[in-house]
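This is the structure I have questions about; it appears just below.
The values are calculated or read from the model by the stated rules, or taken from the named source; none is laboratory data. Everything numeric here is computed off the predicted structure, so don't read it as measured data. All Cβ positions, glycine included, derive from the backbone under ideal geometry; neighbour counts span all protein chains shown. The area values use the complete protein model at the heavy-atom level, side chains included, leaving out ligands, DNA and RNA. Shrake-Rupley method; radii C 1.70, N 1.55, O 1.52, S 1.80 Å.
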Amino acid sequence: MKFFVKKYDFSPTKRVLIAGLSSMIFLFLLIGIHFSIIVNSIENFKTETVVGLIMNASKMVYEKFGTDLKTTDGPKSWLSILDEEGESSQFGFDLFGEKDKKSTKQKNKETQKQSDSSKVSDFSKVTEELVKKYGLPRDEQDLNSRNLWVIEMISGEKLISSSDPNSTTISINNLFRVKKESTENNFVVEERKRGFFLDYDKVIKAFTFQNLDLTVAVGYIEKPIIIPFNAFGILIALAVVLSLPFLLLKFVPEKFRPIIGSVVIILIGILVWMVYLTTIDSLVRESTSYTQVVARDLLDIMKSKGFDVSEKEFFEKISQPVGDVKPLVFVQEDGSYVVETTSLSYYLGIFENTFSIMYVFILLASVGIYYYFSKGGFEKWLNAFYNYSLVYTFIIFALLLVIILIGVPFVFTIVMSFTSLSRYLSDLNLARQFVGTLNYQDILNLNHILARVGFDFAQEAVEKSKFFVRNFGSFYDVLVNTFVYTLISVIFQLVFGITFAVILNDSKVKLRGIYQVLLILPWVIPTYISALLWREALGQYGVFKQLFDTIGLEGFNVYSNSTVYFLSICFVSAWYAFPFIMIVALSGLQGISDSVKDAALIDGANWFTRLFSIYLPLIRPTLLPSVLLSSIWTFNNFNIVFLYTGGNDAYDILITRIYDFVSRPDLRVFTYGYASAYSVLVFAILLMYILAFARVTKLTERSY
């Protein structure tokens, strides 16, 4: 027999050094990962500000010099064009003149001739010069500083301006999607193509403007992901240096070392936090200086090409919002226009506030690592692995599988919740789409509750939200709906499950085996079939409608009353799930000793007394876990609710609402980022419910 061997036994000095080094490396490693994300996010921020600048400049030129291009009936949005054209053509409208018998070549010549007659066509020379100066990367390395590719202005279905002098056709192939899915708000669409260099993609962003028959498209090669290896090296070296002062703790009494070391880590962490926020601030401001230079150059080029635009007018126009992108506001200082500091508060808040929230958990984890290792935790792990190396080898493989199959998707969902990732998954470089806590702020906005109560100011604030969809319930509406649905459904499950379990446990009932098989069938039938069967059976022409007519309830329809329909959803969900409760309860009842039953009969206990005072308390330890599992399954039961209701918004639960956000083209809120934030909140709610349920019911306590 092998006894436990204590091979590793560190000295107090070595123990404190390992604890300090481990905590510092953990702290600075996570900061390095976050810094890598921030660097890429700020690069994307810099690109977006330049794109916004170009969009507004194009819009200004169109409004000021393109009056002869507008239709006599007034400006049209893409949405209005779609309504007129319908869905007859391949793209939903006649973008390329497919209904016209003229050849494409002849059409292009006429389009070019029309464009040449307008001052707007001169803007092509402006954008061409801008692209030559800041775009068209010469090689792969040049991608880090130059990203503009092509700039186009499209009025109606005509290309009226392009930075490519040889272009006579619209380069965006999927403009139909821009128009089809746009609303009266500004809209952004991405289209990916093979890039200028191997292994890089060309992203085309097209913006439509509200009540303006204009589309501006900026295509550019996305910059490659930047990994700051030098910064990682510096941070690890800094972690090693900052761990050396922990050697001084050897002069402190051993019982005080964990506490004093933890205080030291917190002080170092606060200092690092202040320095890091200053670094983020400087990076953001540095990126705005680039946009400032581009803006000045664009104005100079426009003036050199004969555009009569004053500085004041130009900088006022480019300071306007572009779609959902918040602008950089330019103000005049000392005779020149610079970026207003307050306009950066939104972006600084995204980068700094989100990090501050994350950093609290990182710092607490670092303190926990130090405290545990300073108490000898590291040696315990080393000795355990030495003595049980074979066992831990198998455990490690199992843990790796759990991490890959569960941990990675879970972490990826959390990361996505802080982004504006499109439902098209066109760009998985999440750092470029980082929006901080914006998704959570909108979902949990208390104005949703105040608006429901009747406050007008709250309703106005809600309608200004980036994700507002009219007649679409808020998170709180759906949350209440989900809780009520789960509560009623689980109560139905308990009533049906325990009732049938008690009946099947009675020895006087004949053919119990057959009944048990029949009662398990709802759990065996696929949910897809169950939901559709009940949907048809309770429908306007279903068997239950005919039964109601037969017994004199003519005109009664489950679908006609919202309350009755909601209860029917709960019933169908309970019908599907009650066999699980029944089987668990039946197994518990069959485990009760006959002597207990006989004693109850001798004491004169009636059926109800035996059930509620003897049987249910005895099977409580078995029944409670099944209730917990059943409530969780019901809370997340997508199939029954979605299939039975046909995806009706009024009866959405949280899990079906998440599906709406990533699948329905009629909603403007179609981002995986927003849906991921919903998913994280659902996880948090269920986690709190599990902890509360376990505490209230004393689920984890021994019952004997």
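For segment 325-342, how many residues meet the condition of being acidic (Asp, Glu), loosely packed, with under 14 Cβ neighbours inside 10 Å and either touching a strand residue (DSSP E or B) at 6+ places or on another chain (Cβ under 7 Å) or assigned to a strand (DSSP E or B) (or both)?
Number satisfying all stated conditions: 1.
Shifting gears a bit: Restricting to segment 549-566, and then to whatever is among the aromatic types (Phe, Trp, Tyr) and at pLDDT 80 or above, can you tell me which residue is farthest from Ile488 (Cα to Cα)?
Tyr565
Quick one: how many residues across segment 259-309 are outside any helix (DSSP H, G or I), surrounded by fewer than 19 Cβ atoms within 10 Å (Cβ to Cβ) and at negative phi?
Total meeting the criteria: 3.
Ala585: over 37 Å from the mean Cα position of the chain (by Cα) and assigned to a loop (DSSP other than H, G, I, E, B), yes or no?
Against the criterion (over 37 Å from the mean Cα position of the chain (by Cα) and assigned to a loop (DSSP other than H, G, I, E, B)), Ala585 does not qualify.
Separate question: Which members of segment 8-24 meet the condition of being among the hydrophobic types (A, V, I, L, M, F, W, C) and either surrounded by fewer than 18 Cβ atoms within 10 Å (Cβ to Cβ) or modelled with pLDDT under 85 (or both)?
Phe10, the sole residue that qualifies.
Ok, one more. Has segment 512-519 got any residue that is within 30 Å of Trp607 (Cα to Cα), at pLDDT 85 or above and open to solvent by less than 40 Å² (accessible area, probe 1.4 Å)?
yes
Sticking with this structure for a sec: Do any helices (runs of 4 or more DSSP H) lying entirely in segment 343-458 carry at least 2 residues that are among the hydroxyl-bearing types (Ser, Thr, Tyr), in contact (Cβ under 8 Å) with a residue 60 or more places away in the chain and more than 30 Å from Phe10 (Cβ to Cβ), and which ones are they?
In segment 343-458, the matching helices (runs of 4 or more DSSP H) lie at 354-374.
Okay, next question. Checking Phe472 against (1) assigned to a helix (DSSP H, G or I); (2) open to solvent by less than 70 Å² (accessible area, probe 1.4 Å); (3) not basic (Lys, Arg), which single condition isn't satisfied?
(1)
State the number of residues belonging to segment 288-327 that are among the aliphatic types (A, V, I, L, M), under 37 Å from the mean Cα position of the chain (by Cα) and modelled with pLDDT of 85 or more.
Summing the residues that are among the aliphatic types (A, V, I, L, M), under 37 Å from the mean Cα position of the chain (by Cα) and modelled with pLDDT of 85 or more in segment 288-327 gives 5.
Within segment 120-148, track down each residue that is open to solvent by less than 80 Å² (accessible area, probe 1.4 Å), without any contact (Cβ under 8 Å) to a residue 60 or more places away in the chain and either in a helix (DSSP H, G or I) or within 19 Å of Ile42 (Cβ to Cβ) (or both).
Across segment 120-148, the qualifying residues are Val120, Ser121, Ser124, Glu128, Val131, Asp142, Ser145, Arg146.
Here's a follow-up. So, of the residues in segment 460-485 that are over 24 Å from the mean Cα position of the chain (by Cα) and not acidic (Asp, Glu), which turns out to be nearest to Tyr576 (Cα to Cα)?
So the residue we want is Tyr485.
Give me the residue from segment 525-548 that is open to solvent by 100 Å² or more (accessible area, probe 1.4 Å) and not in a loop (DSSP other than H, G, I, E, B) and, out of that set, modelled with the lowest pLDDT.
Gln546
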